């Protein structure tokens, strides 16, 4: 029986995520806040919700600060609270923006 220990140049199972280009991903179309979640509508009509707790900055922000964002399709920027959430974070459930 072969063992995985002998495989050279092993990559983590999720390494392909970082290799995806933004052209291969859906764009963020809309952003809204629903109770304790952030809802992202993608241009392929998926709606993905993430816990507001994933972003301590947005969790601490007031309603006006949360609604003051810029969306370029790949990232959503909240300049008032210095927060950025990207489409890769949304799609792959990575809590990368704490």
Do we have residue 59 as assigned to a helix (DSSP H, G or I) and either out of contact with any helix residue (DSSP H, G or I) (no Cβ under 6 Å at 6 or more places or on another chain) or touching a residue at least 60 places away in the same chain (Cβ under 8 Å) (or both) here?
no
So which residues in segment 26-56 are touching a helix residue (DSSP H, G or I) at 6+ places or on another chain (Cβ under 6 Å), without any contact (Cβ under 8 Å) to a residue 40 or more places away in the chain and closer than 15 Å to residue 71 by Cα?
33
Only one of 28, 17, 48, 38 is surrounded by 14 or more Cβ atoms within 10 Å (Cβ to Cβ), within 16 Å of the chain's Cα centre (by Cα), closer than 18 Å to residue 90 by Cα and modelled with pLDDT under 95, namely 48
I'm trying to understand the selection: among the residues of segment 80-97, which are at pLDDT below 90, in contact with a helix residue (DSSP H, G or I) (Cβ under 8 Å, 6 or more places away or on another chain) and surrounded by fewer than 16 Cβ atoms within 10 Å (Cβ to Cβ)?
92, 94, 95, 96, 97
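Taking segment 76-91 as the search range and keeping residues that are part of a strand (DSSP E or B) and under 14 Å from residue 30 (Cβ atoms), which one is farthest from the chain's Cα centre (by Cα)?
76
The values are calculated or read from the model by the stated rules, or taken from the named source; none is laboratory data. Quantities reported herein were computed from a predicted structural model and do not represent experimental measurements. All Cβ positions, glycine included, derive from the backbone under ideal geometry; neighbour counts span all protein chains shown.
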